[in-house]
Structures are given as structure tokens and as C-alpha cells.
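To start, the structure under review is shown below, and the notes come after it.
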Amino acid sequence: MKFTKMQGCGNDYIYVDCTRGMIENVRETAIRLSDRHFGIGSDGLILIRPSDKADFMMDMYNNDGSSGKMCGNGIRCVAKYVYDKGLTDKTRLKIETLSGIKDLELIVEDGRVQSVTVDMGEPVLKADLIPVISDKEHLINEPVEIGGRVYNITCVSMGNPHAVVFVDDVDGLKLETIGPCFETHPMFPERVNTEFIHVLDRKHIKMRVWERGSGETLACGTGACASVVACILNGLTDNEVKVSLLGGDLQIRYDKASNKVYMTGPAVTVFEGEIDL
């Protein structure tokens, strides 16, 4: 099987062109290939498939084999892949995901995609749609006991569920201990991605993320979008914010008129190869 390893702000996936045929045993393959000791190593596997609704479909799997609905860093790399590989000559694309069709604008230099702006759609705030089990319609700065400690959380869906927590210091957090407590808490029936945010100023935040099914990753595009929405809901930032992650920076803009979130960030090819399945 031919593959391409790509990353967006360090959020790395294995990409496979499935426009002419699917691979077998996808979940098992995702687990095997994602292993950083015995496989290629990645946060997961992304298959690029044909779509009857859009230009392409992104079929995403986490490194534990579970299916993912949407990945902001991953979808930027899908756009780079299809353009750089000559599967399309469009610089505006529609890509189907399990959380809907996303519109992308490609920034091309010297015939290669350097960065991509993604229309990430409207944030979902209703608890039952995120989903979060709660007697409240919205959870904004809501105190919840998780892992024996009370955290104030703001919950947002950007096609997948997020719990955002504001802290004074993200660097000293023991995410390997805290993250699983959030991910598996019974109030999140589909598990949850958790973002820990330090607000530096009204235009700049720092973020670490624990992703469901993957653990701590260097970046999460939907998480960055959810975090900026949470910042705005709590009156902490303006509508356009730089999000600094372990793997790099993303620029997130919330457009109040359309109630949509736009994300701009890099897409990078790491290497290509073949592996015997």
C-alpha cells in the first residue's frame, strides 16, 4: 500500500488515496500503522475517497481504530494532497466529512499548497447536540467535578465534542492523568476532546489538547476553533485569535454575522512510502 505521511501543526496522519478502491480491515490497519514503534507512526489514518456530494470525502480513523467525524488539521492536509497529487486543479474545494461538507480555500505557492483556510461551520452549543448529559441547555463556565477536582468547563461541538478549560499555566499540566478523566467521564456519552487554555491577551491564546482516541496531540484544529468560541462566550478574547499549540500556530476567526468559524493553518508533506499489509 502506498501512503503519504502529512502533518498540520504537528497533528500527523497517514494519508491513502482510496479514490479508486478501498483498503480492507480499516480499523485494524489504522491501529497497526499508527503505532510509533512498530508501524509508521501517526495520530491516525485518513482515507481520501470519492464523494457524490462534494469533490472528495475524508474518511478518518484515530490511532485506536475508532472513527473520527472531523479533523481540522487533517482536512487541510487532504486539500494539499489532492491538489499536489494532481487529483484536482481547484483552489476552492468541498470535502465531505461525517460532520458535513466543508468549504476550503487553498493558498498555493510555486504549484504547491502552503496553507489552507477552512470554513469550519457553525459551533453547536446545545448540550444534547454536543452531546453532553446535563440538565442545562448550555454549559458555559460550568463547574463540574472530574477526577476528584472541580473544573469550570465550556462545552462546544465543532462536528465533534469539546470541553474547554481555562487555566493559568498549560505547561505544567499532567495531561496523561487529567485527560483520560475527561475523555471517559459519564457526562460525555461519545467521549470528549479536552482543551486546556491559557489566555495570553485578547488576540492570543495558548492551548494543549487531549483528543479522544489519540491522547495528547501536538495540535487539534476543531479544538482550536472550539476554544476560541469558548473564549468569546466567556468574554476573554476578540473574534480573531492566534492559537499557539505545541506543534505551531493556527489563526481562528469567528464571523458573528454568519455564525461561522474559519481556520487558517499550514499543511505539510513529511514523507511518502509503501508498506506491506
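The values are calculated or read from the model by the stated rules, or taken from the named source; none is laboratory data. Just so you know, these numbers come straight off a predicted model, no measurement behind them. Cβ placement follows ideal geometry from the backbone for every residue including glycine, while neighbour counts extend to all protein chains displayed. Protein only, heavy atoms only, side chains kept; ligands, DNA and RNA dropped before computing areas. Shrake-Rupley method; radii C 1.70, N 1.55, O 1.52, S 1.80 Å.
The three principal axes of the Cα atoms in the stretch 159-277 give end-to-end lengths of 51, 34, 29 Å, sorted in falling order.
For the stretch 48-154, the direction-averaged projected area of the alpha-carbon convex hull comes to 9.1 nm².
Applying the criteria of a DSSP loop state and at most 16 other Cβ atoms within 10 Å to the GluC sites (Glu not before Pro) of the stretch 113-186 yields Glu137. For the cross-link pairs Lys102/Lys203; Lys136/Lys203; Lys174/Lys256; Lys5/Lys53; Lys69/Lys90; Lys90/Lys126, the ones whose C-alpha atoms lie over 32 Å apart are Lys174/Lys256; Lys90/Lys126. Bridge orientation summary for the stretch 164-265: considering DSSP beta bridges with both residues in this region, about 80 percent are antiparallel. Note on His198: accessible area is roughly 50 Å² with a 1.4 Å probe, heavy atoms of protein only. Of Asp135, Asp12, Asp103, the residue with the greatest mean-square motion in the GNM of the chain, using alpha carbon springs below 10 Å, is Asp135. With every protein chain in place and a 1.4 angstrom probe, the accessible-area ranking of Arg32, Arg208, Arg49, largest first, reads Arg32, Arg49, Arg208. Rank Phe56, Phe38, Phe166 by mean-square fluctuation in a GNM of the chain with C-alpha springs under 10 angstrom and give only the top-ranked residue. Its mean-square fluctuation being the largest, the pick is Phe38.
Counting only DSSP beta bridges with both residues in the stretch 6-131, the antiparallel share comes to about 80 percent. For the chain, the longest principal axis of the C-alpha atoms and the axis of helix 72-84 are separated by about 20°. For the stretch 37-110, the relative contact order comes to 27 percent (Cα pairs under 8 Å, sequence separation of at least 6). Measuring with a 1.4 angstrom probe and ignoring ligands and nucleic acids, Ile178 comes out at about 30 Å² accessible. Entry comment: accessible area of the stretch 1-72 is 43 Å² per residue, from protein heavy atoms only and a probe of 1.4 Å.
Using alpha carbon centroids, what distance separates the stretch 187-209 and the stretch 54-111, in Å? With the stretch 187-209 and the stretch 54-111 each reduced to a Cα centre, they are spaced 24 Å. Mind jotting down the distance between the C-alpha centroids of the stretch 227-242 and the stretch 118-167, whole Å? For the stretch 118-167 versus the stretch 227-242, the Cα centre distance is 14 Å.
Relative to the longest principal axis of the Cα atoms of the chain, the long axis of helix 221-233 makes an angle of roughly 30 degrees.
For the chain, a Gaussian network of Cα nodes joined below 10 Å ranks Gly86, Gly121, Gly65 by mean-square fluctuation, and the top entry is Gly86. Accessible surface computed residue by residue for the stretch 109-232, with neighbouring protein chains in place and a 1.4 Å probe, gives 41 Å² per residue.
Beta bridges assigned by DSSP with both partners in the chain are antiparallel in approximately 85 percent of cases. Of the accessible area of the stretch 1-77, computed with a 1.4 Å probe over protein heavy atoms only, carbon and sulfur atoms account for 44 percent.
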